[in-house]
Amino acid sequence: MAELAVGLAKSVVEGTLSKAQAAIAEEAKLRDNAQRDLVFITGEFQMMQSFLKVANTERVENPVVMTWVRQIRELAYDVEDCIEFVVHLDKKSNWWWRMICRCISTSLCISMSLPLDEAVDELEQLKARVEDVSTRNARYSLISDTGSKPVVVQQQQPAPATAVSMLINTGKRQQQGDLSQLLADDKIRVISVWGTGGDLGVTSIIWKAYNDQETRQKFTCRAWVKLMHPFDPDVFVRCLMVQFYANACKEQEGELIGVDVLKRMSEANQSNYLDEFVWRVTTERCLVVLEGLSSMTDWDAITKFFPSRKNRSCIIVSSQQQSEVASLSVGLPYQVLELNQFSVDHTIYAFYKQTSQGEEGAQTTTDKRKEAQDWMTKHALIGRDSEMIHLRQYTSKARFDGFHVMSVWGIAGVGKSAILKCLFCDTILRDSKLHEQHRRTQFEKYAWVDVSYPFNLRDFSRSLLLNFHSHKLQGHTDCDIDTVGSNNPIVECRGILEPGKCLVVIDGLQSVKEWDMIQAELVSRSSKNCIIIITTEAGVARCCRGNKGELVFNVKGLQADAAFELFKTENAQEQQVLCLCPAAAAGGSHSLKELAAAQTPAQRRRAQRRNYELPPITDNETAELEELISKCGGLPKVIVDIARSLATKSAGRMEGARSINGKFMDHLENNRVFNTLHGLFTWMHNYFRTCPDSLKPCIFYLSIFPREHVVRRRRLVRRWIAEGYSRDNDEESAEHNGEKQFSELLDLSIVQQSQENTSVADMRMVLCQVNGFIREYIVKRRMEENLVFELGYNCTLTTQRSGRHLVILKDWERDSIVFKSIDFSRLRSLTVFGSWKPFFISESMKLLRVLDLEDASGSVEHQDLENMVKWLRRLKFLSLRGRCEIHHLPSSLHHLRQLQSLDVRHTSIVTLPESIIKLEKLQYIRAGTTDVPVSAPPPRPHISSSWFCKPGVLVGVKVPRGIGNLTALHTLGVVDVAASGSKTFVKDLKKLTQLRKLGVCGINKKNSKDFFSAIKDHVHLESLTVRINENNNQGCCFKKDHNQGCLEDMISLPCKNLKSLKLHGLEESLPKWRSNQLRKLSKLDLEMDTLTGTDVKFLGELPQLSILRVKQHQDRELSFRVVVNNEEDDSYRNVKVLQIACGCSSSNLHVTFGSSTMEKLELLKVDCCGGSPSYQFSGLENLGELKQVLLLNSSNAETLKLKLQTQLTKHPNKPVVKLEEPRPSS
């Protein structure tokens, strides 16, 4: 995590530099000496920033350097805080204070110093600290002249850490084992033993296995040869023959002295002993140990003496610290087994590769169809039905595309290869069935290739060629090239691919450079092939598709229910295998399934007669296991490994689960049982090392939210902006950069879709949660960086408890004495979950930027709000969302001069204070609600009647005159236009030209023209919500209120950038927009009396519409069938989510879907508010992509659920019908 710490420091230093440079430009607020100090500090930070940019892995792992990096980061935080204080001082207040000082005594002025004086003094102190940090660098020689490496004397290591990591990670990592078990495997021909810290222990490990009794019996000829340099073939063969004679005679005649061996060698002439050597190495089973192999030149010469190893002979190589020789002598792709770890710096590994039966020539394997059938039987996918449907569609599209390539990517351990292997086998079986029916198949040849590293195109082509000819799903690469018919594998592969119909899967591609080589030589645009790339890199995946990026599939983690089902399945299967093979858990590195498979049929039948029954999982166990599985983050690799490890502890399964739960990440990183997860941790380490520095603080910040806690996307982005993690640049706004950062974390499954979120593929996510596995990984490291600390049930409070971000959890005991003992002087964010207490706000929290009470409970009193404004003057983000006990904001709100985001949504606030217009930096105001709070105050004369309509109606707040002064606003809503004074508000609204999201209610025929005229030049507007005022709403359906036609002026809106539109309170029809006016609209929410046929046709032609919500109040048919010239037309082509609702429970609504409408619809939501309205559905079978039907507000919707389940029984996708309570509006 050193790279992550450096990334955090880079981000903080960059933010501090930008603020310092801006402050220098504002000379009016700074004295000359402060100006000079800032210039000096800026220069020093630029040098520190340059150091951080060139800091490589080798350097940052130096503890001295890491300490210095942390000091830089803390210093940068303090400088940034001081600069913000200076820049945002109130100039007018300072002027008045100086005038008063001239009129009173000098001593009193000295005793009551100005804020600017304090800031200047603090800058001088910070300058001294910066000088000290800089001299500390020189004192410890942390930066060399070249900037390439710290000048620190270190012991010379036999192999650099980076080389070791690359070598180990290239192979398939196995858990710890013994060299003897490799010798017992008949498929292994070469074993290379190598130590990361030198030769210590290597010889003893080989010697023990060499003299093992089972090894001696297995290999009739054994020899241990120390290689000479330069290599002498004659001496080499003589040494081998001496060893063969000696070891053979020992077994037959007992101990034989060396003189007798020499006599036997002297009796044989040159020709005789060479002939005998050839006979022994070709017919006898030999074990040869080669000590001191130092080059591939020697290895190439040695292999000439062993032309064939089909007699199950084995060579053990000791490579004298030559890591590259150790791996290359085995061949690619190799596997790695840890033999022993003597220390952190010295571990001994064995490199080996298993050959296939086809290479042995022992027997002919079954064809690919049988292999595919066996694989599908043994590896049933769980929770991946949706992915399989999409991938089948992608495969078909790729074949008929001009560029026959699709790519699949995701983080390590997420299950990419398993899904694609299932698709691969499924395609083989489908084509085989078509072939039997004498029908045209999709493909004729199939190949799955694992990319080996270091990459070589010729080796890759050889592996691909072998897989085309192999009867197995995956062939091996060390087969003689003659068996596949060409001495030039690249040309041979090209000859197969160009004319053929081939399905090729390339697994493990890591860079664009390798793809360019493959594409140039092997990819033909004129063929009917489909090439599927599997990678962990998003950039590689997109590059493989070139400028046609639509066939790039991102694999995400499993949802919670599927993850638990996978755990139960794997755990049960492993326990059943354990029953068949009780000794399986005794030891060895083989899996239980492999050991059980080695049993004879008679042994398996005897085990099955025991009638072993798996113990059921109790409710208490379920809670413990669900907590454990949630920490796996939906990663199948982690879930399966934990399930299998617990299977070996069936008697103490829950004790094992509790143990892992207690120290989850420690177990997975350090327990050898989980060594198979090494590749996942290596990927995470590499990702954090190479990911953009701007993302690193965002990732650390995610650990603020508890595991499985649902977070709104916009809330997270706004907090990043307030913390300075997402900043404006020359090209994009901070908001846009924050959304890009969120999308990147979402693609990597670091942020995941929550269970409550019902978004579908390629849709913008509203609710999310932090990946449990990533969170555990971060939490283990965040205290090392002194960033986030929690107050929870198990926390240990000491005098050292401090940090930049404080999280108060629900289960903390709320001890005010303990709380007040904590140092809050550097605190930047406070997030409260559970009960709110007034003492959570402290006068010492002067640097607090973020105060988030969205997940708090209890009563926030008005005095608490007054204290927030009084003490927390640096606040940039304030969220009181959901605190319905709050009726007013303090009139002193204007003191929060740095406030950027104010969220009072779903509170009882009906009027924003007049002082809010002084908050010039305010960008984001969210207010209003969709329900009238129970504790709302009685109506006031200036409040619109729309405030007090029935629950579920959009209501807004009154804003003061002068709101137009907040020209930085880009989000404003919901505003009650009528209550705010229509003419006044409209005048202010014209000034807010940077608005991107606007929500209003109280629109009527009197003010609609002025309102739409005010926003006609708001070209940046992307989201608009309009609620038409209703005067009569006693019944459940609308009454005529003479507001029809008030949206006529909406036709002239600048809709070219509009992506989301909500229109509530319409009566008969939509405005008469032009066909191309809403070309970017992707989300539409309508509430109206009735949706006419003309409206249905217009909406069906919107090209980007993907989410449609319709609430119709009149009883009549709602038909999504568009007929043109007596023929049904394709309509709603891109709609994936549809939500419909009746006006009230007495409504009768018949919903019809045509045969050519909403062909991509995946999610259908039906609002059952007020009971169970009478819904009828026709044409559900036409919704070919339908996956789920959700019944909202569904406490009484069981009848409708049964009816829909009956209708959908014959649907090919078998959509799920679920009851779901509504979530709060975002």
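When region 1161-1179 is limited to residues that are modelled with pLDDT of 90 or more and surrounded by fewer than 18 Cβ atoms within 10 Å (Cβ to Cβ), the one that is farthest from the chain's Cα centre (by Cα) turns out to be Ser1178.
Residue selection: Asp185 fails the criterion of being of a type in the set (D, E, K, R), buried (at least 17 other Cβ atoms within 10 Å of the Cβ) and modelled with pLDDT under 85. Residues in region 714-738 that are surrounded by fewer than 17 Cβ atoms within 10 Å (Cβ to Cβ) and of a type outside the set (S, T, N, Q): Asp728, Asp730, Glu731, Glu732, His736. Looking at region 954-968, can you tell me whether even one residue there is at pLDDT below 90, of a type in the set (A, V, I, L, M, F, W, C) and more than 25 Å from Asp1095 (Cβ to Cβ)? Yes, region 954-968 contains at least one residue that is at pLDDT below 90, of a type in the set (A, V, I, L, M, F, W, C) and more than 25 Å from Asp1095 (Cβ to Cβ). For region 692-713, the count of residues that are in contact with a helix residue (DSSP H, G or I) (Cβ under 6 Å, 6 or more places away or on another chain), charged (D, E, K, R) and open to solvent by less than 10 Å² (accessible area, probe 1.4 Å) is nonzero. For region 885-895, the condition holds for at least one residue, the condition being that it is polar (S, T, N, Q) and within 17 Å of Leu922 (Cβ to Cβ).
Hey, any hits in region 620-635 for a residue that's farther than 20 Å from Ala562 by Cβ and among the hydroxyl-bearing types (Ser, Thr, Tyr)?
Within region 620-635, the first condition is being farther than 20 Å from Ala562 by Cβ, and the residues that meet it are 620.
Of the ones still in play, those that are also among the hydroxyl-bearing types (Ser, Thr, Tyr) are none.
Within region 620-635, none of the residues are farther than 20 Å from Ala562 by Cβ and among the hydroxyl-bearing types (Ser, Thr, Tyr).
For region 662-691, what are the residues that are open to solvent by 60 Å² or more (accessible area, probe 1.4 Å), in contact with a helix residue (DSSP H, G or I) (Cβ under 6 Å, 6 or more places away or on another chain) and either within 27 Å of Ser829 (Cα to Cα) or not in a helix (DSSP H, G or I) (or both)? Result: Arg689, single match.
The criterion of at least 2 residues that are in contact with a Lys or Arg (Cβ under 8 Å, 6 or more places away or on another chain), closer than 22 Å to Thr282 by Cα and not hydroxyl-bearing (Ser, Thr, Tyr) is met by the following helices (runs of 4 or more DSSP H) wholly inside region 176-248: 213-218.
When Val449 is tested against (1) crowded, with 22+ Cβ neighbours inside 10 Å; (2) in a loop (DSSP other than H, G, I, E, B), just one condition goes unmet, and that condition is (2).
Being of a type in the set (Ser, Thr, Tyr) and farther than 27 Å from Ala418 by Cα is the requirement here; does Tyr687 meet it? When the stated conditions are applied, Tyr687 does not pass them. Among the residues making up region 850-898, a single one is within 23 Å of Leu969 (Cα to Cα) and of a type in the set (Phe, Trp, Tyr): Phe877. Restricting to region 630-643, name every residue that is open to solvent by 10 Å² or more (accessible area, probe 1.4 Å), touching a residue at least 40 places away in the same chain (Cβ under 8 Å) and not polar (S, T, N, Q). Matches in region 630-643: Lys631, Pro636, Lys637, Val640.
When region 903-927 is examined, which residues are found to be open to solvent by 30 Å² or more (accessible area, probe 1.4 Å) and closer than 22 Å to Leu716 by Cα?
At the first step, the residues of region 903-927 found to be open to solvent by 30 Å² or more (accessible area, probe 1.4 Å) are 906, 911, 914, 917-918, 920-921, 923.
Answer for region 903-927, where residues must be open to solvent by 30 Å² or more (accessible area, probe 1.4 Å) and closer than 22 Å to Leu716 by Cα: His906, Lys921, Gln923.
Residues are listed down the side, and each one gets a yes or a no for (1) aliphatic (A, V, I, L, M); (2) under 22 Å from Leu1186 (Cα atoms); (3) modelled with pLDDT of 85 or more; (4) surrounded by 19 or more Cβ atoms within 10 Å (Cβ to Cβ):
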site	(1), (2), (3), (4)
Leu1105	yes, yes, yes, yes
Gln1112	no, no, yes, yes
Arg1116	no, no, no, no
Val1122	yes, yes, yes, yes
Asp1130	no, yes, yes, no
Leu1138	yes, yes, yes, yes
Cys1142	no, yes, no, yes
Ser1145	no, no, no, no
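Annotation: Val934 fulfils all but one of (1) surrounded by fewer than 17 Cβ atoms within 10 Å (Cβ to Cβ); (2) β-branched (Val, Ile, Thr); (3) at pLDDT 95 or above; the unmet one is (3).
Residues in region 1016-1038: is at least one at pLDDT below 80, under 42 Å from the mean Cα position of the chain (by Cα) and surrounded by fewer than 16 Cβ atoms within 10 Å (Cβ to Cβ)? No, region 1016-1038 has no match at all.
If we scan region 1115-1124, do we find a residue that is of a type in the set (Val, Ile, Thr) and outside any strand (DSSP E or B)?
As a first pass, look at region 1115-1124 and keep what is of a type in the set (Val, Ile, Thr): 1122-1124.
Applying the additional criterion that residues be outside any strand (DSSP E or B) yields 1122.
Yes - at least one qualifying residue is present in region 1115-1124.
Pairs linking a residue in region 272-289 that is farther than 10 Å from Thr220 by Cβ to a residue that is hydroxyl-bearing (Ser, Thr, Tyr), with Cβ atoms under 9 Å and 6 or more positions apart or on different chains, are Val281/Ser308; Val281/Ser313; Thr282/Ser308; Val288/Ser313; Val289/Tyr210; Val289/Ser318. Filtered by the rule that a residue be open to solvent by less than 20 Å² (accessible area, probe 1.4 Å) and within 20 Å of Ser417 (Cα to Cα), region 428-442 gives a lone residue, Ile428.
The set of residues in region 877-921 that are outside any loop (DSSP other than H, G, I, E, B), free of Cβ contacts under 8 Å to residues at least 40 places away in the same chain, closer than 16 Å to His862 by Cα and under 30 Å from the mean Cα position of the chain (by Cα) contains only Leu878.
Would you call Lys472 at pLDDT 80 or above, in contact with a Lys or Arg (Cβ under 9 Å, 6 or more places away or on another chain) and among the charged types (D, E, K, R)? Spell out the reasoning first.
On the way: at pLDDT 80 or above: no; in contact with a Lys or Arg (Cβ under 9 Å, 6 or more places away or on another chain): yes; among the charged types (D, E, K, R): yes.
Answer is no for this residue.
Residue by residue, here is whether (1) more than 27 Å from Glu813 (Cβ to Cβ); (2) among the aliphatic types (A, V, I, L, M); (3) modelled with pLDDT of 95 or more holds:
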{"residue": "Glu854", "(1), (2), (3)": "no, no, yes"}
{"residue": "Ser857", "(1), (2), (3)": "no, no, no"}
{"residue": "Cys884", "(1), (2), (3)": "no, no, no"}
{"residue": "Pro890", "(1), (2), (3)": "yes, no, yes"}
{"residue": "His895", "(1), (2), (3)": "yes, no, no"}
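The values are calculated or read from the model by the stated rules, or taken from the named source; none is laboratory data. Since the structure is predicted, the reported quantities are computational estimates derived from the model, not experimental observations. Here Cβ is always computed from backbone atoms with ideal geometry, including for glycine, and neighbour counts include all displayed protein chains. Side chains are part of the model used for accessible areas, which takes the heavy atoms of the whole protein and leaves out ligands, DNA and RNA. Shrake-Rupley method; radii C 1.70, N 1.55, O 1.52, S 1.80 Å.
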